[in-house]
1. Which lysines, on any chain, are close to residue 452 with Cα under 24 Å apart, when same-chain ones fewer than 8 places away are left out?
2. Using just the alpha carbons, could you tell me how many Å³ per residue the convex hull of the chain encloses?
3. Near residue 73, within a Cβ-to-Cβ distance under 14 Å, what is the net charge of the other residues, with Lys and Arg +1 and Asp and Glu -1?
4. Taking R0 as 25 Å, what's the FRET efficiency between residue 30 and residue 103 from their Cβ-Cβ distance, rounded to 0.05?
5. I'm checking a number: the convex hull volume of the Cα atoms of the range 144-300, normalised per residue, in Å³. What is it?
6. Compute the Rg to Rh ratio over the range 408-639 from the alpha carbon atoms, using the Kirkwood formula for Rh, and round to two decimal places.
7. With the Cα gyration tensor of the range 5-224 in hand, give its eigenvalues times 5 under a square root as the equivalent ellipsoid semi-axes, listed largest first in whole angstrom.
8. From the gyration tensor of the Cα coordinates in the range 223-298, what semi-axes in whole Å does the equivalent ellipsoid have, largest first, with each one equal to sqrt(5λ)?
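The values are calculated or read from the model by the stated rules, or taken from the named source; none is laboratory data. Note that the structure is predicted; figures quoted are calculated from it, not measured. Here Cβ is always computed from backbone atoms with ideal geometry, including for glycine, and neighbour counts include all displayed protein chains. For the accessible areas, the whole protein counts, side chains as well, though only heavy atoms, and no ligand, DNA or RNA atoms are used. Shrake-Rupley method; radii C 1.70, N 1.55, O 1.52, S 1.80 Å.
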Amino acid sequence: MYHDGVELIRTMHFDYCACILLAMILVSTIMRKMTKGRLNILFIVLTVTALCCTAADSIAISHDNVLYANRAIRMLWHEVYFFFHVSTTPLFCMYAVELTDTKHLIKGRKVLIHLLALPYMLALGALIVNPINKKTFYFDETLHYTRGEWFWLLYVTAAIYIVYLVYILIRFRRSVSTKRWASLLLLLACMVGAVAMQMVFPRYPVEMFATAVGLLFISVMVQRPEEIMDVESGAKSRNAFAEDMQRSFLNRKNFDIIVIRVSNLHSFGDLLSYDERVEILKRVIDSAEKQSMQLGTYCEVYYLRGGVFALTLEEKDKGKTRQLAQNVSDDLSRPIKVSSMHINLITYVCYIHCPVDIDNNKSLSDFINKAIPSETGISSAEEILSSGRYDMLVDMDSIISSAISENRLEVYYQPIYSINDGRFNSAEALIRLKDEKYGFVPPDLFIPEAEKTGQIHKIGKFVFENVCDLIASDEFKGLGLDYIEINLSVVECMRETLADEIIDTLARFGISHDKINLEITETFAATSQSVMEANIKKLTEAGISFSLDDFGTGYSNMQSIALLPLAITKLDKTFAALEDNQKMTLVVEHSIDLIKALQMKIVVEGVETKEMLERFSTLGCEYIQGYYFSKPLPREEFIKFINAKNNG
Ligand code: C2E
Ligand code: MG
Ligand code: MG
């Protein structure tokens, strides 16, 4: 008991300060939304426990100094204080194991967990029976707080966990980042230092104050939302994913990842407000959490941006991971209601067993970036990895480079039929790449990669020169073709010298400008840049015409389409495959009317059957391209084909 009131208040300053500090840490943790994920939850439990312990300590000390205090009430507050006190050190250990992510490395984990729980259970047992047997502490006849003969149990319990914490810090030094290791070391130093100080100055309860300082340090150094949280979705961020995966691979952990790709998020365009978009992200996260809870598993959720989410699970039961992937896929296939809209997400779910399927961070990010399809479905990484297509995607860069250097590129030509003239009047040049290992690689796979690496410029030049070579040849003159269409990538059009190079090449081959037509897509309108505009203007002024490729696949922004200098619009093959019902016929009819009103010719792509041909012919479309007439053909075959059809 403190007889001097001033001394009592001075002594309790430490507890008051600790209380304020811990409450501030707690509030700031919640306000910064650091409430999801096992590490965050453990940190909150730890802070709440320390706060309750400190508060109970203050109340207990105050009651000890109230003159006519009730013995039972004094006993109760000391019991509460000790309950929280014995809980803090084991919680610290759990937090340290979670922070270092090394649980799986501890040999004989289950036995050790039981062994480690034993001192805590004993200490709790001692506290529970204490009001009856008074062996841990009691109040003597003068109501003085007195330690009992079992009191050492509480000290030994705390000491065991502190020793275990030291063991974790030494054993797993290399498994954690220096920052995390230093934070744990400082926390340990605060705890040990405070216990030592309290032993020397028993009347100064600095222990909880030191604990609060240690937690503050962890809160500032480790629990940093800007480093680990994605502000938009509230899930863990891409950086946190990279860091966590790096540690898991380094620690040779067995774990599973479920990757969810929502591929149509961006396609809602301006339909959704920022809040509605965030709402969709949250729905995906909620679905993952809800499904994993229903299956009795636990997963960490990350948002990797661009509509890609990752869930990580401790690998305990592989069947559960597959089941969770399936459940999430099923759940997300149902329309979700955002504001007053019902939205159907296009989601692909893929599950990965690590390290069996993938065992390092670089391969993981390659896999996530390149291998997850953008359609609806579910598959395992094992299936994707063994399909051969994945190796091709990863090797794409070198496939393209070697195809360019070893002359394994070839230009094919697909004839385009004019219904009015009753002959083939033009053709589209389409690049073909034949790899030694993978055979023909589809342009849809290698063109986007070539655009990323800049190799598209070489490919574009190759196609252009080949087309010029064909047009300049004697064989071409007798074919009766008006022009050849060449696909132009947005990336090529951003090259300042493009227009001059095209005009120079045409001059070099002695070709008139109306013999070629350049195909661009709607992306041009969307990404319009001054260099692109200058190129298109220069080429149009030089008498070179443009087509709009793949009409009907994007947003079909009529305003920007009307502004581009286009001679031809090519209806995408999905248009040709549209169901032949009343509403669809209306859509097709009106699109055709609009294009005609804009004074453009129409080419229908992807016409595969006689029925399709008749349908578009009835709708007044003049030019037809598709397998019905011919697939894209190599140069010689193409010349033979056109000769036979146009001149036969
Ligand atoms: P695209 O420009 O829309 O070319 C038409 C695609 O439809 C070609 O695919 C063609 O083979 C295919 N096709 C034609 N008729 C039919 C049909 O009746 N049914 C079906 N299912 N498909 C048909 P391909 O050759 O695989 O080219 C795919 C895309 O790759 C092209 O789409 C184009 O965007 C790009 N591409 C091809 N060659 C080049 C090139 O030289 N340069 C650039 N920048 N892109 C190219
Ligand atoms: Mg095209
Ligand atoms: Mg097309």
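1. 362, 370, 434, 437, 461
2. Details: hull volume 131.8 nm³, N = 648.
With only Cα atoms used, the chain gives 203 Å³ per residue.
3. On the way: positive: 71, 74; negative: 64, 79.
Spelling it out: positives minus negatives among the neighbours equals 0.
4. On the way: r = 26 Å, r/R0 = 1.04.
Computed FRET efficiency for residue 30 and residue 103 comes out at 0.45.
5. Values: hull volume 31.7 nm³, N = 157.
About 202 Å³ per residue, rounded to a whole number.
6. Working: Rg = 17.4 Å, Rh = 18.3 Å.
In the range 408-639, Rg relative to Rh is 0.95.
7. Details: eigenvalues 190, 88, 43 Å².
Listed largest to smallest, the semi-axes of the range 5-224 are 31, 21, 15 Å.
8. Details: eigenvalues 134, 55, 30 Å².
So the three semi-axes of the range 223-298 are 26, 17, 12 Å.
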